[in-house]
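All remarks here apply to the structure that follows.
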Amino acid sequence: MAEPVVLHSYRYSVYGRIAQMVLIEKDVAFSTVETVPFGDDLSPDYLSMNPFGRVPLLIHSDFQIYETAAIARYVDLAFPGQHLVPSAPKKASRVSQLVSIVDNYCYWPMVRQVCSHRVFRPFFDEPFSEDEISLGMRAAEKALNAIETIANEQLILNGNEITLADCHLAPMVGYFVESPEGAEAITKHKALQKWWELVSKRPSAKVASLNLMTP
Ligand SMILES: N[C@@H](CCC(=O)N[C@@H](CS)C(=O)NCC(=O)O)C(=O)O
């Protein structure tokens, strides 16, 4: 019998969605434990597994790992099926570069500033700020231009060969395009738009959409 795979995540966590997308692409059966990282609700048990108090965290049998890029790499290597990091050096290093760009330059502006203040907070009647949205759009534009250059090169993000870069980027874009500003910005980056049209149709990309209506 296969060793159980458990993902601690929060239903709205974009990083949790990345881990889920990788698990689905690798056809790994897993269960999730709802873990809310905001506020003071994390148990000492959870904090002993992830002292930074973030989600997601993956448990596979007696092995625990946190940090999404590391979870994704583990799942790719530990389970059979198509590898999600190509072996060719240029493609493999573009995957690492893209993952790093997403973590450092996309998450905050696209998710925490634009999506959160335009979509998430108004939905939950929480205060939101047009200034945050403007700042987020400005920062996101730089990241989108950089990603457009990479998508144009077609080594990765080509819509044919799915990689960890696709899985890392898709939920960020999925959340970003929930806002009208984000949806419009994507249409101005043609290679990225084409990539999104292809990738968002994959069954695994269902988890890339925020879907606030589903509790
Ligand atoms: N570097 C972490 C980032 C994960 C992360 O920021 N997760 C968010 C949810 S999407 C979180 O747990 N936030 C809690 C907080 O900021 O206190 C990773 O790659 O897993």
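Listing for the model above:
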read-out: Residues whose placed amide H lies under 5 Å from that of VAL33, excluding near-sequence neighbours; value: LEU7, HIS8, SER9
read-out: Unit Cα scatterers, Debye sum, region 5-78: log10 I(q)/I(0) for q = 0.16, 0.17, 0.20 Å⁻¹; value: -0.49, -0.55, -0.77
read-out: Most positive-pole-ward Cα, ASN104, LEU135, ILE147, against dipole of the chain from beta carbon charges; value: ILE147
read-out: Base-10 log of normalised Debye intensity for region 89-208 (one unit scatterer per alpha-carbon) at q = 0.10, 0.17 Å⁻¹; value: -0.28, -0.78
read-out: Descending semi-axes in Å of the chain, equivalent ellipsoid built from Cα gyration tensor; value: 26, 24, 14
read-out: Accessible solvent surface per residue of region 89-208, calculated while the other protein chains remain in place, 1.4 angstrom probe, Å²; value: 48
read-out: Cα gyration tensor shape of region 77-130, rounded if a/c is under 1.5, else prolate or oblate by comparing a/b with b/c; value: prolate
read-out: Global geometry of region 149-215, whether rounded, prolate or oblate, following the gyration tensor of its Cα atoms and the 1.5 cut on a/c; value: oblate
read-out: Size of charge dipole - region 5-78 - debye, nearest 20, with Cβ of Lys, Arg +1 and Asp, Glu -1, no other charges; value: 200
read-out: Share of carbon and sulfur in the accessible heavy-atom surface of region 89-208 [1.4 Å probe, %]; value: 53
read-out: Kirkwood estimate for region 67-160, i.e. one over the average of 1/r between Cα atoms, Å; value: 15.1
read-out: For the chain, size of Cβ-based charge dipole, Lys and Arg +1, Asp and Glu -1, in debye; value: 700
read-out: Candidate lysines - alpha carbon under 24 Å from LYS188, same-chain residues fewer than 8 apart omitted; value: LYS142, LYS201, LYS206
read-out: CD proxy at 222 nm, helix term only [per DSSP H run n ≥ 4: -39500 (n - 2.57); per residue of the chain; nearest 500]; value: -14000 deg cm²/dmol
read-out: Residue-level accessible surface for THR149, protein heavy atoms, 1.4 Å, Å²; value: 90
read-out: Carbon and sulfur %, accessible surface of region 5-78 computed with the full protein complex present, 1.4 Å; value: 51
read-out: Length released on extending from THR149 to ASP62, taking residue separation times 0.36 nm less the Cα-Cα span; value: 27.2 nm
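The values are calculated or read from the model by the stated rules, or taken from the named source; none is laboratory data. Only a predicted model underlies this, so the values are computations on that prediction, with no experimental measurement involved. Heads up, the Cβs are rebuilt from the backbone with ideal geometry, glycines too, and the neighbour counts pull from every protein chain shown. With ligands, DNA and RNA removed, areas are computed over all heavy atoms of the protein, side chains included. Shrake-Rupley method; radii C 1.70, N 1.55, O 1.52, S 1.80 Å.
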